[in-house]
Amino acid sequence: THDKVLLVSYPRSGNSYLRQILENNTNITTGSDSRPNRTLSKALIDCGLKGEGITSNSVWIVKSHYPERLGFIKLSVNRIILLIRNPFD
């Protein structure tokens, strides 16, 4: 098993795009701390992000927008990927 990694960004920074790149190139499933029954979560699942709303050990990397918004499940992680978008882009 792997240590869980939190993929953190402010909303609209390209988090879902990075998740798709990771999934397509590594064949891993990424999760998220979002509620799976939300409209956006359902749309992301339809777009191929099957781990949306999953934080269990079945996923290694979990997307979060913390601390801008709290996820529906608390996670304890030792590693993060911080995604930052150019604010002038």
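Looking for something more than 19 Å from R85 (Cα to Cα), surrounded by fewer than 20 Cβ atoms within 10 Å (Cβ to Cβ), free of Cβ contacts under 8 Å to residues at least 24 places away in the same chain and of a type outside the set (S, T, N, Q) - is there at least one such residue anywhere in the range 54-69? No, the range 54-69 has no match at all.
Every listed requirement among (1) without any contact (Cβ under 8 Å) to a residue 60 or more places away in the chain; (2) in contact with a strand residue (DSSP E or B) (Cβ under 7 Å, 6 or more places away or on another chain) is met by K50 save one, (2).
For the range 5-16, the criterion of a residue being assigned to a helix (DSSP H, G or I), within 14 Å of the chain's Cα centre (by Cα) and either surrounded by 10 or more Cβ atoms within 10 Å (Cβ to Cβ) or at negative phi (or both) is satisfied by at least one position.
So for the range 59-77 (the condition being within 9 Å of the chain's Cα centre (by Cα) and part of a loop (DSSP other than H, G, I, E, B)), does at least one residue qualify?
Checked the range 59-77: at least one residue is within 9 Å of the chain's Cα centre (by Cα) and part of a loop (DSSP other than H, G, I, E, B).
Any read-out appearing in this document is the output of simple, stated calculations on the displayed coordinates, not a laboratory observation. Fair warning: this is a prediction, and the values are worked out from it, not measured in the lab. Virtual Cβ from ideal backbone geometry, glycine too; neighbours counted across all protein chains shown.
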